[in-house]
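Contents: one structure, followed by commentary.
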Amino acid sequence: MSSPANGNPRPFAPRYPQLGTGPVPVTSAVDPAYFELERERIFRGMWINLILRDSELPEPGDYVVRHLEAQDATVLVVRGDDGRLRAFHNVCTHRGNQLAPQGAGHCAGFQCGFHGWTFDTRGRLVFVSDEQRFHALDKAALGLPPVHLDTWRGFVFVNLARRPAQSLEQAMSEFNADLKPYPFERMVLAGRYRYTVNANWKVTMNAFQESYHGAFVHKLSVGQCISPQDPYLAVQRIKLQENGNQSISVHLAPHAPSPAEKLAFDFGATFTQGGDATTAFPGTAQHEVRDWGFDLNIIFPYSRINVGAGWYYVDAFWPVAHDRTVYELAYYFPMPQRASEMISQEYSKIVLRDLSREDLATNEATHRSLRSGAIGQMVLSDQEIAVRHLYHTVAARCGRELAG
């Protein structure tokens with residue numbers, strides 16, 4: 001493992017020479033036409049993590065509706081009366097009205113509020129009001145339009161392509177070996193945050209792809225985890241995959257905990273606690289990184305499954321427009337068995353909330369500045385190679401050249 005700590009300040013560029021080292025153009029972050037290219041060539045054909053676990057829809061009739069702005073689609077995920085999880089376009093096959101509002105619920109079926117057409121939990125059309133007045137109506141052919149759905153370690157993914165270019169297993173690529181062993185099933189949903197950000201989805205993601213900013217953006221929230229010997233949290237481990245997926249390990253320096261931290265540490269796994277390599281969690285890079293804190297695992301194009309020592313969180317940078325993104329985060333902990341564990345988890349939830357809000361606070365100002373045209377390119381360090389990798393992957397998928 002090469003890192004600045006053992007004498008090499010730029011260990012990653014030689015490992016990924018195809019990415020180059022020059023400036024990266026800002027065009028793809030501010031050009032509306034580029035966003036339309038991404039919509040057509042990336043978003044509509046990729047497996048999309050819905051930030052949902054199949055265990056969150058346990059009973060027949062449980063459903064979730066997600067509006068995917070970048071795909072111009074609304075997806076209905078429902079567990080059928082046969083126990084199978086399915087996804088459909090949330091659209092009545094009569095005249096296109098939306099069946100269910102965004103959110104979650106439980107039902108025996110779905111009735112269109114426009115003319116009363118009714119569909120069961122398997123997507124079949126089971127009732128047409130005033131059916132006698134239709135001409136040669138074939139109800140069997142008018143079920144809800146299906147959407148490809150698959151799960152990976154319990155996470156629900158959909159793909160809106162008519163025929164996905166690859167399976168979900170193929171899309172997860174090296175995560176099948178690296179991340180798959182993590183004990184996701186031991187933890188339950190503890191809460192969600194959702195923010196609208198007036199910035200491009202890549203600009204929003206970029207703040208979460210490096211720790212170079214930590215000493216500045218996060219100096220108030222986790223400044224105690226940054227040491228004078230390593231003031232810029234130089235990343236020790238980055239793994240970039242050919243399909244755009246990434247894994248980045250974040251380390252946090254040992255420190256004297258505040259009273260609140262100490263209370264949280266004593267009662268359970270916490271966000272700033274890190275992990276001892278002697279008790280490494282499977283599916284993490286704990287044993288590879290000194291003072292390991294957690295791993296950021298980015299699933300191209302815009303979602304992540306981030307794992308720590310006894311907790312994980314899943315998030316997405318949902319593209320809405322070339323200058324607007326919705327950031328959503330869901331965090332998971334073991335089911336608390338006593339009040340002290342709940343206190344510990346609440347501490348981590350607040351720290352994670354504050355960290356994400358600090359990151360997001362930079363995005364809108366950055367996007368405004370890029371849109372001004374004052375600079376035409378970004379100058380990236382070796383520590384920001386994951387940012388470079390994202391722009392290269394997007395350019396390649398869109399059939400564009402990327403200098404640098």
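The values are calculated or read from the model by the stated rules, or taken from the named source; none is laboratory data. All values derive from a computational prediction rather than experimental measurement. Note: ideal-geometry Cβ built from the backbone for every residue, glycine included; neighbour counts use all protein chains shown. Surface accessibility is based on the protein's heavy atoms, side chains included, excluding ligands, DNA and RNA. Shrake-Rupley method; radii C 1.70, N 1.55, O 1.52, S 1.80 Å.
Some observations on this one:
- When E40, E69, E56 are checked against the criterion of being surrounded by fewer than 19 Cβ atoms within 10 Å (Cβ to Cβ), under 21 Å from the mean Cα position of the chain (by Cα), in contact (Cβ under 8 Å) with a residue 24 or more places away in the chain and more than 21 Å from L189 (Cα to Cα), E69 stands alone in meeting it.
- Restricting segment 170-213 to residues that are open to solvent by 20 Å² or more (accessible area, probe 1.4 Å) and charged (D, E, K, R), the residue that is farthest from I298 (Cα to Cα): R186
- So P32, is it touching a Gly at 6+ places or on another chain (Cβ under 7 Å) and open to solvent by 10 Å² or more (accessible area, probe 1.4 Å): no
- Residue match in segment 389-402 (condition: surrounded by fewer than 20 Cβ atoms within 10 Å (Cβ to Cβ), among the aliphatic types (A, V, I, L, M), on the phi < 0 side of the Ramachandran plot and more than 24 Å from the chain's Cα centre (by Cα)): yes
- Restricting the first member to segment 227-242 and to residues that are under 19 Å from G7 (Cβ atoms), and the second to residues that are part of a loop (DSSP other than H, G, I, E, B) and of a type in the set (V, I, T), the beta-carbon pairs closer than 7 Å and six or more apart or on different chains are L233/I226; Q236/V289; R237/V289.
- Selection count, segment 290-304, where residues are assigned to a loop (DSSP other than H, G, I, E, B) and within 25 Å of A316 (Cβ to Cβ): 3
- You will find that of V217, V222, the residue that is at pLDDT below 95, over 27 Å from Y391 (Cα atoms) and not acidic (D, E) is V222 and no other.
- Checklist (1) among the hydroxyl-bearing types (S, T, Y); (2) within 15 Å of M205 (Cα to Cα); (3) under 17 Å from the mean Cα position of the chain (by Cα) applied to T362, failing item: (3)
- The residue of segment 271-289 that is nearest to N176 (Cα to Cα), among those that are in a loop (DSSP other than H, G, I, E, B) and of a type in the set (S, T, Y), is T284.
- Neighbours by Cβ (under 7 Å, 6+ apart or cross-chain): first from segment 197-219, of a type in the set (F, W, Y); second surrounded by 24 or more Cβ atoms within 10 Å (Cβ to Cβ) and at pLDDT 95 or above: W201/Y302; W201/F317; W201/P319; W201/T325
- Checking A256 against (1) among the small types (G, A, S); (2) surrounded by fewer than 20 Cβ atoms within 10 Å (Cβ to Cβ); (3) assigned to a helix (DSSP H, G or I), the condition it does not meet: (3)
- Of the set (1) under 29 Å from K239 (Cα atoms); (2) at pLDDT 95 or above; (3) open to solvent by 20 Å² or more (accessible area, probe 1.4 Å); (4) not basic (K, R), all apply to Y63 but (1).
- Condition check for V126: at pLDDT 95 or above and in contact with a helix residue (DSSP H, G or I) (Cβ under 8 Å, 6 or more places away or on another chain): yes
The rows are residues; the columns are (1) among the charged types (D, E, K, R); (2) open to solvent by less than 10 Å² (accessible area, probe 1.4 Å); (3) at pLDDT 90 or above.
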| residue | (1), (2), (3) |
| --- | --- |
| A277 | no, no, no |
| G283 | no, no, yes |
| V307 | no, yes, yes |
| D323 | yes, no, yes |
| E341 | yes, no, no |
| E346 | yes, no, no |
| L352 | no, no, no |
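- Residue list for segment 79-123, restricted to those being β-branched (V, I, T), closer than 21 Å to F157 by Cα and open to solvent by 20 Å² or more (accessible area, probe 1.4 Å): V91
- All strands (runs of 3 or more DSSP E) inside segment 38-122 with 1 or more residues being under 30 Å from T27 (Cα atoms): 48-53, 62-68, 73-79
- Extreme residue, nearest to T270 (Cα to Cα), among residues of segment 181-222 that are in a helix (DSSP H, G or I) and aromatic (F, W, Y): F184
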